[in-house]
Amino acid sequence: MKLLKPLFLAGSLLLSSAVLAEGGSDRIFERIESMRDKAEAVLIQAEKAPASERHVHMKEHMKMLDEMMNQLHNEHPAPGMSTEEHLAWMERHDKLVDDVLAQMMREHKLMMADKECHP
């Protein structure tokens, strides 16, 4: 029985760290998703703004995208994830990267439209 106690303790510590790591990843993704939504709102402001004021919103938007990409770059799946959990993590991560790239493309189109209007 004395030998089982350390095994149970070690097992529970390993399990709790895996659960915490998974929960931490969820919180990070939720924070990045919130940032994505805020960046989307700023991009919409830029799209609606007159060309002479658009650059202010675009500068703010680009900073937000940079911060999101840095966080996405630093985020990694938790060790010990099952294959299914890892695939779900990758899908969620890839979706966020795709969203950031889509916003970048929209911003690029705005910049190019401004160049066409102001040669």
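The values are calculated or read from the model by the stated rules, or taken from the named source; none is laboratory data. Every value quoted in this text rests on a predicted model; they were computed, and no experiment measured them. In this analysis, Cβ positions are derived from the backbone assuming ideal geometry, glycine residues included, and neighbour counts consider all displayed protein chains.
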Output the number of residues of segment 63-88 satisfying the condition of being of a type outside the set (Gly, Ala, Ser), within 18 Å of ILE32 (Cβ to Cβ) and outside any helix (DSSP H, G or I). 3
Got a sec? Which of SER52, SER16 is modelled with pLDDT under 70, of a type in the set (Gly, Ala, Ser) and more than 19 Å from the chain's Cα centre (by Cα)? SER16
Going by the conditions given, is GLU75 surrounded by 12 or more Cβ atoms within 10 Å (Cβ to Cβ) and among the acidic types (Asp, Glu)? yes
SER25 part of a helix (DSSP H, G or I) and modelled with pLDDT under 90: yes
